[in-house]
Protein chains: 2
Amino acid sequence: MRLKGFQKLTSVDDALQKFFSAVVFRKPRTVAVQLDSALNRVLAENVVAEVDLPRFNRSAVDGYAVSASRTVGATQFKPKVFRLTDNSRIGAEGTKQVWTGNVIPEGADAVVMLEDTKLAKERVDVWTQVTPGENVSKKGEDIRRGDVAAEMGTRLRPQHLGLIAALGMNSVKVYDKPRIAVLATGNELVELGNRLQGSQIFETNKLVLSALCRDLGAEPLDMGIARDDVDEIFEKLRVGLEKADAMITSGGTSVGGSDLVPDAVNKVAKPGVIVHGVAMRPAMPTALAVVKDKPILILPGNPVAAMIGFEVFARPLISRMLGLKRTEPRLTVEAKMTRGIATVLGRRNFVRVRVFPRGDELLAEPVSARGSGMISTMTKANGFVIVPENREGLEEKEQVLVQLFDNVEG
Amino acid sequence: MRLKGFQKLTSVDDALQKFFSAVVFRKPRTVAVQLDSALNRVLAENVVAEVDLPRFNRSAVDGYAVSASRTVGATQFKPKVFRLTDNSRIGAEGTKQVWTGNVIPEGADAVVMLEDTKLAKERVDVWTQVTPGENVSKKGEDIRRGDVAAEMGTRLRPQHLGLIAALGMNSVKVYDKPRIAVLATGNELVELGNRLQGSQIFETNKLVLSALCRDLGAEPLDMGIARDDVDEIFEKLRVGLEKADAMITSGGTSVGGSDLVPDAVNKVAKPGVIVHGVAMRPAMPTALAVVKDKPILILPGNPVAAMIGFEVFARPLISRMLGLKRTEPRLTVEAKMTRGIATVLGRRNFVRVRVFPRGDELLAEPVSARGSGMISTMTKANGFVIVPENREGLEEKEQVLVQLFDNVEG
């Protein structure tokens, strides 16, 4: 029993550093998927162009393909005259009509735009001079055969799918989604859909943490609720770690003064708990553990603390497990504090704020500093401000960086 | 045949205004979904709390529940003494141990934190005075019965799911995903997986436009490729409009000078094409149409233009069809141009840039102004800068707002 708080808190940066150096990151499994199912997956290979793009010299405009040298000196008053042909090869005085995307015929090295010409039967008057290559997309100008079109570790956005398809590839190798087992603990918790009795409450953290995992592109596994019992937690941990690549728990980090989940984790295998108690607010009772090379993130049961703990520890962890080159930044905006707020020196404080526009600027209104148990503060807020350990608060009108987790309403 | 360009271009703002006033926005269909499938769906009802949250006065800390008035004057040197009980009701001199989240027993109105007490058998010494309500989360303090916990038109983020679950709701009514039929047109196009001949190229726009739809939360329907033939396009439009709530086409807006898709659209039904030719760059040949109250977005075949046209017209359109309260803003950052770039006066120019950090600031490097046919420019770029109609370019070192469509690499 550790009734009266943690002896020593680890700083957020040290906690992250210790955790990340203890986790053994294996190369994620890979899987081939069709391009039309690959949106937002993470590329597990360098996609190398097997062809030039464009595959041939192609017209960039609607017009007439010509030999540029023959247009020198052409003006509206002294047009150069070309002879229209439909062959795939034009002579020095020949020209061929081309639409955007058409192959440039042999013998031509430029295209005169339609509006700079006049057609009369087989004869085309050209009013302007063009330089070699003008209005031509050269073979390989977009991508050259052998070039890396998309790098391993890229999250595939619509434009990447388009480029890969243009190269003629139908499927890509992506990393398998990391499986994250999500467990809630607490005697007071009841699964949604049941009736509450006494001081019971509905379990909500699994739902929120699973949604956060899913949003990042990981696959959450529901491990249910464990009662406040080390053996029951131990058993759920054992199964979770067998099925999943990592585990996130909520609650039981400092229940009635006892560390149920950390104790159960330490029973499973070495090295077990690496950090317990982080110098942050909320989510101070967070613990970080590694068992059989797999990371376990032990979050407080408090819903707001669980979300902030996920943000700080699970987001970079899962990004790494996804195979991403780096953690994707959250949308960040600058805003001005509507009022000052006190924070705790020596802790990294995550202050929930509601950002809203006022005239030309964005304002950030602190949302109820009171009780991180208030889940509604997470929907009233749309972002948070990080107040570093060496500060005791934020001042009214202070310009702050807000990390958004929801839209700013107009 | 309209061989030499558009007679008249409509400004982007006018085009949006005309389009949006011609579309008849019906209230989207609604569907009930379980909370664990509701992530990123759009709420079709106001979620009203049927209970108070918390449901009862609850301890916000681990400690002892007391009557605050009895603690007046308590100090470490002159503690107030309470008698420990386990009843659901305490007397004036009684106290009951409570953990975070426990019901406050009757007769108590505050909780003294564990660290401010000393327990000896049945006797609890309290070293500090507390005020009524201290360390207590009051019934209804988080959400009061009858309050709107989440508003109709909200995109359900993880925190909304948590709050709704805390209220005991298992499912919510969300809007059905709008169905968007996506059609590509062009004789040169071949579906992925086939072999190319002559000047054929792989169709990529359907893939990209469908992914963009999916990312917003709409459901794309693949209408295949239509050849450059008004009757074939007409038939695909007819089927698409029957199956879907809106349609997006690419190509055939100005093919070899003829307006195949606009002509086919006008054959389907009134009012047909409302805008054709927009004062923007790229995507100038964009057309906007309404047929049987359903919107049709007719995009150029050029892959870059198709994406930008989607961004400008489909994003606000689909946001509205999703039932969202407002179009969700793109992630926007400020950056400094690495070099100047010329744009066309009288057009709204969408300049692709690659944003990257350099020291403390973000720089924006224009990505090949040349040829909007170069699909690789969309993966080299990670955002775009809008240059308004009354400007002729951006200057070197100019501070610009970049709308990101991919991550900024660190």
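None of the figures in this text is laboratory data; all of them are computed from the coordinates on show. Bear in mind the structure is a predicted one, so any value in this text is a computation, not a measurement. Using ideal geometry, Cβ is built from the backbone for each residue, glycine included, and neighbour counts are taken over all protein chains shown.
What the table below lists for this structure:
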quantity: Positive-end residue, the range B:332-404 charge dipole about Cα centroid, Cβ charges, pick of B:Thr332, B:Pro366, B:Met378; calculated: B:Met378
quantity: The range A:255-396: relative contact order in percent, alpha carbon pairs under 8 Å with at least 6 residues between; calculated: 21
quantity: Cut-off 12 Å between beta-carbons: net charge of the residues surrounding A:Val265, Lys and Arg +1, Asp and Glu -1; calculated: +4
quantity: Lysines whose Cα lies under 19 Å from that of B:Lys80, excluding same-chain neighbours fewer than 8 positions away; calculated: B:Lys96, B:Lys118, B:Lys121
quantity: Size of the protein assembly as shown as Cα extents on the principal axes (Å, biggest first); calculated: 111, 52, 45
quantity: √(5λ) per eigenvalue of the Cα gyration tensor, the range B:24-174, largest first, Å; calculated: 44, 12, 12
quantity: Inter-site label distance for A:Gln17 and A:Glu396 at 7 Å from Cα along Cβ, in nm; calculated: 3.9
quantity: Choice from A:Val126, A:Val23, A:Val172 showing the highest fluctuation, given a GNM over chain A with Cα pairs closer than 10 Å; calculated: A:Val126
quantity: Loop GluC sites (Glu not before Pro), the range A:27-116, which have at most 16 other Cβ atoms in a 10 Å radius of their Cβ (DSSP); calculated: A:Glu45, A:Glu50, A:Glu93
quantity: Total lysine pairs whose alpha carbons fall under 13 Å of each other in the range A:206-349 (8 or more apart, or interchain); calculated: 6
quantity: Relative compactness, the range B:58-137, computed as alpha-carbon Rg over 2.2 N^0.38 Å; calculated: 0.92
quantity: Cβ-vector label at 7 Å, B:Val48, separations to other copies in nm; calculated: 6.4
quantity: Point-to-point label distance, A:Glu93-A:Val239, nm (Cα→Cβ direction, 7 Å offset); calculated: 8.9
quantity: The range B:58-137, relative contact order in percent, only Cα pairs under 8 angstrom and at least six apart counted; calculated: 44
quantity: Net charge of neighbours whose Cβ lies under 10 Å from the Cβ of A:Ala110, counting Lys and Arg as +1 and Asp and Glu as -1; calculated: -1
quantity: Closest approach to the B/A rotation axis among chain B Cβ atoms, residue and whole-Å value; calculated: B:Leu331, 2
quantity: Contour excess over end-to-end distance, with Cα ends at B:Arg26 and B:Leu84 and 0.36 nm allotted per residue; calculated: 14.5 nm
quantity: Chain A - mean residue ellipticity at 222 nm from DSSP helices (-39,500 (n - 2.57) per run, n ≥ 4, rounded to 500); calculated: -5000 deg cm²/dmol
quantity: Neighbour net charge for A:Ala305 - beta-carbon separation under 11 angstrom, K R +1, D E -1; calculated: 0
quantity: Compactness of the range B:332-404 as Cα Rg over 2.2 N^0.38 Å, two decimals; calculated: 1.02
quantity: Relative contact order %, chain A, counting alpha carbon pairs below 8 Å whose residues are six or more apart; calculated: 16
quantity: Options B:Leu35, B:Gln76, B:Val344, ranked by Cα towards positive dipole end of chain B, top entry (Cβ charges); calculated: B:Leu35
quantity: Rounded to the nearest 20 debye, dipole of the range A:332-404 from Cβ charges on Lys, Arg, Asp, Glu; calculated: 300
quantity: Low-density loop cleavage sites - chymotrypsin sites (Phe, Trp or Tyr not before Pro) in the range A:339-410, where at most 15 other Cβ are within 10 Å (DSSP); calculated: none
quantity: At 7 Å out from Cα toward Cβ: A:Asp125 inter-copy label distances (nm, ascending); calculated: 11.1
quantity: Rounded to the nearest 20 debye, dipole of the protein assembly as shown from Cβ charges on Lys, Arg, Asp, Glu; calculated: 80
quantity: Fewest-first ranking of A:Leu189, B:Leu114, B:Leu317, using other Cβ atoms within 10 Å as the exposure measure; calculated: B:Leu114, A:Leu189, B:Leu317
quantity: Rg over Rh, two decimals, chain A (C-alpha only, Kirkwood Rh); calculated: 1.21
quantity: Computed Rg/Rh of the range A:1-66, alpha carbon atoms with Kirkwood Rh; calculated: 1.39
